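The block underneath contains the structure these notes are about, expressed in structure tokens.
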Amino acid sequence: MTTLHDIPVRTIDGTEPTLAQYRGRVLLIVNTASECGLTPPYAGLEALHRALGPQGLAVLGFPCNQFGAQEPGSEADITTFCSTSYDVTFPMFAKIDVNGDDTHPLFRLLKEERPGTFSPPRRSSGTSTKFLVGRDGAVIKRYAPTDTPESMRGDVEQALRAAVGSSPTWRKLYPPPCQTALRSSSLNPGWSAGRTPCSHRNFRSASLIGTSLMLACRSAM
């Protein structure tokens, strides 16, 4: 079963990881555009990133040119704009489509988990649509373009405080032996994913957890 953390992405500088490196963190995923009237939230997103990043938040920006051609520039142009205009330090990714036949798999999953209210259910309603994702990869909430980062801070802080394993999605993905090991370790700031696949393939790292999780994974099969 493909999870959010398995989805391949391309960073704005051209590397092609998956989102596995963000497993165990709370994510705020945003589709952005440099020439949109809503670009001032860049400052608010950066403030959230700096304030709550040490607690486990990762803001991820995905530029999109589908709304009024508001992101016509190259990745290099976007990088320059973000760094010089807003001093953005949170991760930015290559331009993608968030609607239509070429919708990126990440936004396809996000929209399926949290359909829109006013736009057609499987469409993004515009630039600066935001999705809050829990530490376990479950999509918690969707925010409209007009929702400011400041207004979302309470939700983000609540997600950061939530115990790993609190969502039905998490309980479905990880059998009980894995849940015990994850609860005791995945809030570790040094925890990372993507190095040592376990046998059931949903949890993909035991790098800082030790062999007990790997044994638990095998015994759960």
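The table below lists the values:
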| quantity | calculated |
| --- | --- |
| Top-ranked residue in region 52-87 [being of a type in the set (Val, Ile, Thr) and open to solvent by 20 Å² or more (accessible area, probe 1.4 Å); ranked as nearest to LYS130 (Cα to Cα)] | THR79 |
| Residues located in region 57-66, provided they are small (Gly, Ala, Ser) and at pLDDT below 95 | GLY61 |
| Count of residues meeting criterion [among the hydrophobic types (A, V, I, L, M, F, W, C) and either modelled with pLDDT under 90 or part of a loop (DSSP other than H, G, I, E, B) (or both)] in region 75-109 | 9 |
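The values are calculated or read from the model by the stated rules, or taken from the named source; none is laboratory data. Worth saying up front: this structure is predicted, and the values here are computed from it rather than measured. We work out accessible area using only protein heavy atoms, side chains counted, and drop any ligands, DNA or RNA first. Shrake-Rupley method; radii C 1.70, N 1.55, O 1.52, S 1.80 Å.
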